[in-house]
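Below is one structure, written out as structure tokens, with a few remarks after it.
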Amino acid sequence: DDGQLNAGLLGRFTAGEFATKRGRTLVPEGELITPVHVDAIAEAYGDEAVDVPVRSVLKCAADAGICQRCYGMAPATGKVVAVGDAVGIIAAQSIGEPGTQLTLRTFHTGGVAGADITHGLPRVVELFEARKPKGLAKLADVDGNISVEATEKALKVTLTDAAGEEHAYSFPRRTRLYVEPGERVKAGTQLNEGSVYPAELLDIRGRTEAELYLIREVQKVYKSQGVDINDKHIEIVIRQMMKKVRVDQKGDTNYLPGALVDRQVLLAENERVKGDGSDPAEFAEVILGITKASLATDSFLSAASFQETTKVLTDAALEGKTDRLLGLKENVIIGKLIPAATGLKRYRRLEIEPTEPVPRPSAEEIGLLDETELATELGLTGDGELEGFSFGNGDREKAEFSELADIAPPRRDEGDAS
């Protein structure tokens with residue numbers, strides 16, 4: 001959108017081969033998309049809209065954290081992200097810091113920016129908390145044809161599906177509609193002006209559409225203030241919001257209906273149950289606000305450090321929970337090395353060795369002196385005595401005072417002025 005499509009491709013790995021209409025490969029599968037690839041795609045398709053299959057953190061199936069290929073290139077370095085980089089911390093700071101700028105900017109612009117306060121930061125909070133928006137827009141429940149009837153007090157929109165069943169929607173008279181009479185719409189199409197409720201969009205259009213909507217809306221707020229944020233940072237936050245699923249039918253698993261379970265954990269459990277010939281659990285996608293998502297984490301130490309500390313610790317004690325100490329916060333709390341960067345287990349027994357033998361310079365190259373040259377430099381005679389001094393064969397500490405008179409410092413009289 002807004003000419004930013006190609007910028008969003010840069011630094012991502014392809015999920016499949018991408019070719020021209022004639023079959024010429026532009027980007028192989030599993031290749032990092034570089035500016036050269038972006039230029040080649042733009043040259044091949046021009047202004048035509050085209051979908052390039054890329055990997056995203058939203059679909060990453062890693063059990064803990066995110067894999068390198070789903071994250072791609074780190075925006076800060078221009079290189080593939082290193083294993084151990086705290087991309088979640090970077091994402092939170094990349095979103096939060098410009099948010100602070102928005103607040104400060106609003107205060108300095110005066111009363112003209114009143115609309116920015118309403119649609120700016122509160123809108124970002126509304127999206128990340130997955131709340132029902134104030135100006136709620138209605139969505140089409142099914143695919144069908146639109147008919148509009150205007151009365152004195154209201155606008156009545158009727159959606160007729162393929163089976164001939166009618167779905168009626170009523171709006172105030174002055175509402176701005178996004179659909180026309182006779183128009184064919186798909187399920188999830190926005191019917192009127194306003195903000196979409198993400199949970200409703202999730203139910204109608206599914207997980208991917210809800211994720212893309214949240215990304216677009218958050219970017220819209222920041223771009224209106226001239227702030228550019230990489231999509232990856234927003235994707236990481238939304239990934240945490242969509243991480244859990246709700247169990248509807250437990251099947252032969254040990255989960256209770258209504259329980260919120262990590263998606264990857266439940267999928268792995270379903271595969272195990274299927275292998276035994278039993279019934280897998282049925283689940284529904286849910287979207288949690290960042291506050292609820294933080295409290296729903298598997299680590300009770302992390303949840304307790306956030307909000308409702310007493311309740312979290314009490315529930316953890318009653319349930320006999322175990323904290324696996326996989327995250328950063330819980331390791332900070334107990335004083336352990338955080339599992340990030342060089343604190344990862346894979347780096348702990350790392351031995352660093354030179355790739356090539358270290359060259360040793362010769363004595364001549366670094367200017368070392370041999371014994372004869374050193375003695376000459378120090379003024380030593382053949383028997384090791386200083387030239388001009390002879391201490392004899394006896395104890396050198398008992399040398400006669402007269403022999404040392406020449407080198408003794410002049411003695412200052414007590415009456416001399418200091």
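In table form, for the structure just shown:
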quantity	calculated
Helices (runs of 4 or more DSSP H) wholly inside the stretch 282-374 containing at least 3 residues that are without any contact (Cβ under 8 Å) to a residue 12 or more places away in the chain and either under 20 Å from Val261 (Cα atoms) or more than 19 Å from the chain's Cα centre (by Cα) (or both)	309-319, 363-366
Residue that is surrounded by the most Cβ atoms within 10 Å (Cβ to Cβ), among those in the stretch 255-281 that are aliphatic (A, V, I, L, M) and part of a helix (DSSP H, G or I)	Leu266
Some residue of the stretch 52-60 being more than 26 Å from Gln264 (Cβ to Cβ), among the hydroxyl-bearing types (Ser, Thr, Tyr) and either exposed (fewer than 15 other Cβ atoms within 10 Å of the Cβ) or not assigned by TED's automatic domain parsing to the domain that holds Ala341 (or both)	no
Elements of type strands (runs of 3 or more DSSP E) in the stretch 136-254, at least 2 residues being without any contact (Cβ under 8 Å) to a residue 24 or more places away in the chain and either crowded, with 18+ Cβ neighbours inside 10 Å or outside the structural domain of Cys70 (by TED's automatic domain parsing) (or both)	144-150, 154-160, 166-172
Residues (without any contact (Cβ under 8 Å) to a residue 60 or more places away in the chain, touching an Asp or Glu at 6+ places or on another chain (Cβ under 9 Å) and in a loop (DSSP other than H, G, I, E, B)) located in the stretch 32-73	Pro53
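The values are calculated or read from the model by the stated rules, or taken from the named source; none is laboratory data. Since the model is a prediction, treat every value here as computed from it, not as a measurement. Cβ coordinates were reconstructed from backbone atoms using ideal geometry, including for glycine residues, and neighbour counts include every protein chain displayed.
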